[in-house]
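Take a look at the structure below.
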Amino acid sequence: MSTWYFVRHGQSIANRDGWLAGWVDARLSPLGVDQCQRLQHQIKMLSIQQVYASDLSRAYRTAQIITENQPAEVQQVSFLRERSMGIWEGRTRKEAFSNGRRTLFLSWTGCPQDGENRHEVAQRILHGLVELKSTGNTLLVAHGTALGCILGLLDETPLDQIGYNPMPNATLFSREVAPNTWQRLLAQLTKGENHGQA
């Protein structure tokens, strides 16, 4: 059993200004930088052997700030990227979610045109985690939808409820993860299993 830590990036300019970033490389806002600096003390108290961050700057910069003066080097990995929002990227949340589209956005299998749904995001991340073969305590720094999917699966949340509790910026979460957990969850998704649901 090892401890995995999860941190969503600090506030980005997209969060601040109310638009959907997805794969757009929206930098941290000044408040986001401050949030990360305040999180440093919590991270310093942990025993972390490996740190992985999304290659989008808002997550990578968050990882750099919160692990400053820590021995573990931040490694960028593209599989931790946020969900691709397709044609919704760059649009305001109000515009993107008009005409009832917010329900589509929150669903497990719905997605904007040319974007990813939550199921696809979860599979992408789990494939990456299986390949990491990490040993010891690990910190993942990524994005709200991406980490929300993984924590939801770890907590055995019904798929149609994953995503309804947004992850706050620059907040630390942890879970004890048994060996082969990522392989098991990936196999469940591949088979279309949902903790007893079809």
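Scalar couplings 3J(HN,Hα) for region 15-25, obtained by applying the Karplus form with A = 6.51, B = -1.76, C = 1.60 to θ = phi - 60°, are 4, 4, 9, x, 10, 8, 8, x, 8, 5, 8 Hz; x denotes Gly and Pro. Straight-line cross-link reach from Lys44 at under 30 Å between alpha-carbon atoms covers these lysines, not counting any fewer than eight positions away in the same chain: Lys133.
Centre-to-centre separation between the Cα atoms of region 119-143 and those of region 98-114: 24 Å. Look at [x] -0.66, -0.78, -1.42; [y] -0.83, -0.89, -1.17; [z] -0.67, -0.78, -1.27: the one that is log10 I(q)/I(0) by the Debye sum over Cα atoms at q = 0.13, 0.14, 0.18 Å⁻¹ derived from this structure is [z]. Amide H to amide H distances under 5 Å link Trp19 with Arg93, where only residues 5 or more positions off or on other chains count and H is placed in the peptide plane. Given their separation in residues at 0.36 nm each and the Cα-Cα distance between them, Glu73 and Glu176 gain 34.9 nm when the chain is fully extended. The order of the peptides 144-157, 179-192 by mean Cβ neighbours within 10 Å, most packed first, is 144-157, 179-192.
Pairs of alpha-carbon atoms within less than 8 angstrom and 6+ residues apart define the contacts here; what relative contact order does the chain have, in percent? It rounds to 32 percent for the chain. Each label point was placed 7 Å from the Cα along the Cα-to-Cβ direction; for Ala187 and Asn99 their separation is 4.4 nm. The label point for Thr92 and the one for Gln40, both projected 7 Å from the Cα toward the Cβ, are 3.6 nm apart. Lys/Arg Cβ at +1, Asp/Glu Cβ at -1, dipole of region 78-198 taken about the Cα centre: which of Leu186, Gly110, Thr138 is farthest positive-ward? Of the options given, the answer is Gly110. As a proxy for reagent exposure, ranking Ser12, Ser134 by other Cβ atoms within 10 Å from fewest up yields Ser134, Ser12. In terms of the mean number of neighbouring beta-carbon atoms within 10 Å, the peptides 111-117, 67-73 order highest first as 111-117, 67-73.
Residues whose amide H comes within less than 5 Å of that of Arg27, counting only those at least five positions distant or on another chain, are Ile13 (H built at 1.01 Å from N in the peptide plane).
Put in order of Cβ neighbour count within 10 Å, fewest first, the listed residues Ser174, Ser84 become Ser174, Ser84. Per-residue Cβ neighbour counts within 10 Å put Met85, Met1 in the sequence Met1, Met85, beginning with the fewest.
Rule-based calculations on the coordinates, nothing more; no lab input. All values reported here derive from a predicted model rather than from experimental measurement. Cβ: placed from backbone, ideal geometry, glycine included. Neighbour counts: every protein chain shown.
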